[in-house]
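The values are calculated or read from the model by the stated rules, or taken from the named source; none is laboratory data. Please read all numbers here as calculations on a predicted model, not as lab measurements. Note: ideal-geometry Cβ built from the backbone for every residue, glycine included; neighbour counts use all protein chains shown. Note: accessible area is taken over every heavy atom of the protein model, side chains too, but ligands, DNA and RNA are not part of it. Shrake-Rupley method; radii C 1.70, N 1.55, O 1.52, S 1.80 Å.
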Amino acid sequence: YLNAIKYDKGIFEAWLAVIELDVKLRKFNDLLKHSEKATEYYPNHAYFWYHLGFAQLQTKAYDDALISFEEAQALNTNNKELRHHINANMAEIYHLTGKLEKSMELFEIVLAENPNNEQALNNYSLLLASSKKNMEKALTLSERLVKLYPSQSANFDTYAWVLYQKGDWAKANEIIDMAISKDKDGSDSIFEHKGDILFKLGQIDNAVIAWKKALELNKSNKKLENKIKDRTIIE
């Protein structure tokens, strides 16, 4: 596909295939480069602007991502599913940049139109739990998330984290083990959460083991290094 667009940059189907493969392979720097080029050749196509925004979100260029998502939304005329994805991603950016009210407003819009949107259920649950805005709603949304999408380890991680924030550490430990059993690639976030839960349960040695496993998966996490060294969580 890359060879195809190298010799003929006007092959729409090849650009679609390249971008879809970048997403599947999680090559976000490549996705950024390819989707940016695609918007040059197809400036009126919402799909390419959406993926440019998604790549910018993944590479933490949040201001640029919002601009791309807004462009995608303006160009998107009748694709409801794409509209939901755009709004959910914009809501995530607002959450990451501390604009919680704007984030919550967009998540509410997505879930009003599609109560089963996986991305909104996941990220809105995390927002509500981490900010302690509405723990009961966070619990309801995360329960729906794992019921609707039971194959995804990240969804069980979210559910476990909501339970952790709610103080139900025994139940959170059960659910995080389910996340670990479904985690094929090895997620540092899941093992860090496992350690945090074990710490709250008073199992300090086991918590440190879980944190060390998380650090093996993400050696750049300085917060984990501190948890292991100090054998505690600094709230």
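At-a-glance table
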item: Output for segment 1-20, where each listed residue is open to solvent by less than 80 Å² (accessible area, probe 1.4 Å) and either in contact with a Ser or Thr (Cβ under 9 Å, 6 or more places away or on another chain) or within 18 Å of Ala55 (Cα to Cα) (or both); result: Trp15, Leu16, Ala17, Val18, Ile19
item: Inter-residue pairs, beta-carbon under 6 Å, first closer than 18 Å to Asn116 by Cα and in segment 129-142, second of a type in the set (A, V, I, L, M, F, W, C), 6+ apart; result: Lys137/Leu128; Ala138/Leu128; Ala138/Ala129; Ala138/Val162; Leu139/Val162; Leu141/Leu121; Ser142/Val162
item: Any hit, segment 76-93, residues being of a type in the set (Asp, Glu) and surrounded by 21 or more Cβ atoms within 10 Å (Cβ to Cβ); result: yes
item: Per-region count, segment 149-163, residues β-branched (Val, Ile, Thr) and open to solvent by 20 Å² or more (accessible area, probe 1.4 Å); result: 0
item: Search result, residues across segment 50-74 that are surrounded by fewer than 18 Cβ atoms within 10 Å (Cβ to Cβ) and over 20 Å from Arg26 (Cβ atoms); result: Asp63, Ile67, Glu70, Gln73, Ala74
item: Enumeration of residues in segment 202-215 that are open to solvent by 70 Å² or more (accessible area, probe 1.4 Å) and either hydrophobic (A, V, I, L, M, F, W, C) or in contact (Cβ under 8 Å) with a residue 12 or more places away in the chain (or both); result: Ile209, Lys212, Lys213
item: Residue among Lys80, Lys99 that alone is in contact (Cβ under 8 Å) with a residue 12 or more places away in the chain and either out of contact with any Phe, Trp or Tyr (no Cβ under 6 Å at 6 or more places or on another chain) or over 25 Å from Tyr149 (Cβ atoms) (or both); result: Lys80
item: Enumeration of residues in segment 38-54 that are over 16 Å from Gln73 (Cα atoms) and touching a residue at least 24 places away in the same chain (Cβ under 8 Å); result: Tyr41
item: Count of residues meeting criterion [in a helix (DSSP H, G or I), over 17 Å from Ile175 (Cβ atoms) and not β-branched (Val, Ile, Thr)] in segment 194-210; result: 1
item: Conditions (1) crowded, with 23+ Cβ neighbours inside 10 Å; (2) under 20 Å from Tyr50 (Cβ atoms): number failed by Ile190; result: (2)
item: Residue count for segment 10-55, restricted to those that are over 15 Å from Phe69 (Cα atoms) and of a type outside the set (A, V, I, L, M, F, W, C); result: 15
item: Leu111 being surrounded by fewer than 20 Cβ atoms within 10 Å (Cβ to Cβ) and within 14 Å of the chain's Cα centre (by Cα); result: no
item: Pairs where the first residue, in segment 11-24, is of a type in the set (Ser, Thr, Tyr) and the second is open to solvent by 60 Å² or more (accessible area, probe 1.4 Å), C-beta under 7 Å, 6+ apart; result: none
